[in-house]
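So the structure is just underneath, and the comments pick up after that.
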Amino acid sequence: MDFIFDSLLSALMMMQRLDPELLNIVGVSLKVSFSSTLIAAVVGIPLGVFIAVSRFRGKRAVITLLNTLLALPTVVIGLFVYALISRKGVLGVLGLLYTQRAIVIGQIFLIIPIVTTFTISAISRIDARYRMTAMTLGADRVQTLGVLLLEARFGIVSAVVGGFGRVISEIGISMMLGGNARGFTRTMTTAMALEYDKGEFVLAVALGIILMTISLLINVLLNYFQGRAPSN
């Protein structure tokens, strides 16, 4: 217990004095996670809306595939992207491997299925009468989609938040594609793994506290805005 308490106390002191290495690691994590989440949302939300409101052959197969991709291990995604951006890969000439952009690319592949699937779920739960009423009142297709998005806004926001939580806590993609380079591609999770292997737990504990705090704040904010939303 003394060891755990001492590690926790040292970690809190490191956070209080704003240790430069700690800040750099947190900054890299937030940068790549926010970037990948934003791009995945731009792709996944429209894709999820399209699948939810459209009728086409193979729709059920597409949804099944997306649900399957939710369980895809990060190591598999890391290997796939590595094969694309390594020197012998199709995109090897771009020099992306072991950069922050490589991590972002891998994380985008990881969470697009999450954002898309939960957007489909959010749209599909809306009563069909909303769409019919909007069309009856003279709304065109774009306006009708706007009504659906407004009704499903919290489900869609939850999808994006879930995607962000997935990427900020993953380690496989960051390690394989970023290389865990100090001051450049080292994220909170890869730093925690490294410090654990070295037997130096103070930085790992500090990063763990920060990671949990970030997740808690995001969920508190989400619940706060959901609670303040007017009921329809």
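What follows draws every value from the coordinates through simple rules; no lab data is involved. Small disclaimer: the values here were computed from a predicted structure and weren't measured. Ideal geometry is used to build each Cβ from the backbone, glycine not excepted, and the neighbour counts take in all protein chains shown.
Before moving on, here are some points about what is shown:
- Residues whose amide H lies under 5 Å from that of residue 180, counting only those 5 or more places away or on a different chain, are absent; hydrogens are built 1.01 Å from N in the peptide plane.
- Percentage relative contact order, the chain, counting C-alpha pairs under 8 Å, at least six apart: 29
- Cα-centred dipole magnitude for the chain, charges only on beta-carbon of K, R (+1) and D, E (-1), debye, nearest 20: 1140
- Dimensionless Rg/Rh of the range 1-118 - Kirkwood Rh, Rg from C-alpha atoms: 1.14
- C-alpha long axis of helix 188-198 to longest principal axis of the chain, angle in °: 30
- Neighbour-count ranking [beta-carbon atoms within 10 angstrom, fewest first] of 74, 136, 116, 37: 136, 74, 37, 116
- Each of 189, 99, 64 was scored by other Cβ atoms within 10 Å of its Cβ. Arranged with the fewest first, they read 64, 99, 189.
- Residue 223-residue 86 FRET efficiency (beta carbon distance; Förster radius 45 Å; 0.05 resolution): 0.60
- In the range 1-81, the trypsin sites (Lys or Arg not before Pro) that fall in loop regions by DSSP, at most 16 other Cβ within 10 Å: 17, 55, 57
- Between the range 54-75 and the range 198-217, the alpha-carbon centres lie 34 Å apart.
- Viscosity 1.567 mPa s, 4 °C: Kirkwood-radius Stokes-Einstein D of the range 1-67 over Cα pairs, µm²/s: 81
- At most 15 other Cβ within 10 Å, DSSP loop - trypsin sites (Lys or Arg not before Pro), the range 114-221: 125, 182
- Cβ charges +1 (Lys, Arg) and -1 (Asp, Glu), total dipole of the range 1-92, debye: 940
- More than 30 angstrom apart: percent of Cα pairs within the chain: 37
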